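Below is one structure, written out as structure tokens; the observations come after it.
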Amino acid sequence: MDNKFPGKDISDSDLKDKFPLSSSLNKKKIVKINNDISFGGNVVPIISGPNGIENKELIFRCCEILEKNNLKLLRGQIYKPLTFPYRSEKYYELGDEGLKILEQIKKNFDVLIVSEVMEPEKLTLMNEFVDVFQIGARNMQNFPLISKTAKYKKPIILKRHFGCSIRDLLGSSEYALLEKNENIILCERGISAPHTHKSTSRFMLDIQAIPALKEYSCLPIIVDPSHACFWHEWVESLTLASLAAGAEGLMIEFHPDPRNAAVDPLQAINFQEFTNLVKKLRSIASYLNKKIL
């Protein structure tokens, strides 16, 4: 258990001692969401929707698009770890008010809700309507939050922090697994780099993380290309590349009026672009003997 040479590289000792539960020394885990949808097998689930639930009308329109594309997993974000504390009429998140909308979504649509948790105090409130909890990048090393969320035994998407190594990510996942919750899904969402390709690009998609995590971990790995590139025109290319590289799930941001979205208006694609992308994903998935759901 010594740590004489700490760094980002993963050693055989790490696999045995630092994160023995999430390491590739274990049997590959399948995280089941319901009877049809699971992560880590031949199904590639798509988690999609706006960056945040802005209002009932907007999110209902998004749910209708999901149904038309035969998809089941909705991005139902009501709490947002926005970089700055200031809010305006245009730039906001719903917070507790969004719980009522989550309830209405469950009553009106056959969808499963993925939503980010930021505070342990909100877990009990969210648990009634949320099917999959998300631990965002900024909270990837908030170990008490991870442990408390894991106690609810629901699937957890753990996003890699943009400044953390794969070794760090697997260490964080171990906190959830120690709570005897094996329903942990890892998410690559872009890393910080000294040089990017556009002034608006805050991160770069680490496509190598997909095969690397498959080599070192038994947990499913999904990709969020929208947050990785922060630029809507690149989302399709990065999404298709992620699937080809072995991603076992995808998180795609879409919005009825992307440039006027309340949060991150540059990265969302519109309804038609999303529908076209899903068609292309299904074509590639068929070649890979996978199924998009």
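A few notes on this one:
- Residue satisfying all of: in segment 103-127; within 18 Å of the chain's Cα centre (by Cα) and farther than 21 Å from Lys148 by Cα; surrounded by the fewest Cβ atoms within 10 Å (Cβ to Cβ) among these: Val111
- Counting the residues of segment 243-274 that are among the polar types (S, T, N, Q) and over 22 Å from Ser115 (Cα atoms) gives 1.
- Screening segment 135-152 for residues that are among the hydroxyl-bearing types (Ser, Thr, Tyr) and outside any loop (DSSP other than H, G, I, E, B) and picking the one that is farthest from Val117 (Cα to Cα) gives Ser147.
Residues are listed down the side, and each one gets a yes or a no for (1) out of contact with any Asp or Glu (no Cβ under 6 Å at 6 or more places or on another chain); (2) surrounded by fewer than 24 Cβ atoms within 10 Å (Cβ to Cβ); (3) closer than 21 Å to Leu73 by Cβ:
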position	(1), (2), (3)
Arg202	yes, yes, no
Pro211	yes, yes, no
Pro220	no, no, yes
Glu233	yes, yes, no
Glu236	yes, yes, yes
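- Candidates Lys280, Lys198 - the one that is modelled with pLDDT under 95 and surrounded by fewer than 16 Cβ atoms within 10 Å (Cβ to Cβ): Lys198
- Within segment 80-92, residues that are within 16 Å of Val117 (Cα to Cα) and in a loop (DSSP other than H, G, I, E, B) have Cβ atoms under 8 Å from residues that are of a type in the set (Val, Ile, Thr) and modelled with pLDDT of 80 or more in these pairs: Lys80/Val263; Leu82/Val263, counting only partners at least 6 apart in sequence or on another chain.
- The residue pairs whose first member lies in segment 199-224 and is within 15 Å of Glu253 (Cβ to Cβ), whose second member is aromatic (Phe, Trp, Tyr) and buried (at least 24 other Cβ atoms within 10 Å of the Cβ), and whose beta carbons are closer than 9 Å, counting only pairs six or more residues apart or on different chains, are Ile222/Phe39.
- Inspection of segment 6-19 finds no residue satisfying the criterion of being in a strand (DSSP E or B), among the hydroxyl-bearing types (Ser, Thr, Tyr) and either more than 30 Å from Arg282 (Cα to Cα) or at pLDDT 95 or above (or both).
- Test: residue in segment 267-274 that is surrounded by 24 or more Cβ atoms within 10 Å (Cβ to Cβ) and aliphatic (A, V, I, L, M): yes
The values are calculated or read from the model by the stated rules, or taken from the named source; none is laboratory data. Remember, it's a predicted structure, so these values are computed and weren't measured experimentally. Cβ atoms come from the backbone with ideal geometry, glycine included; neighbour counts cover every protein chain shown.
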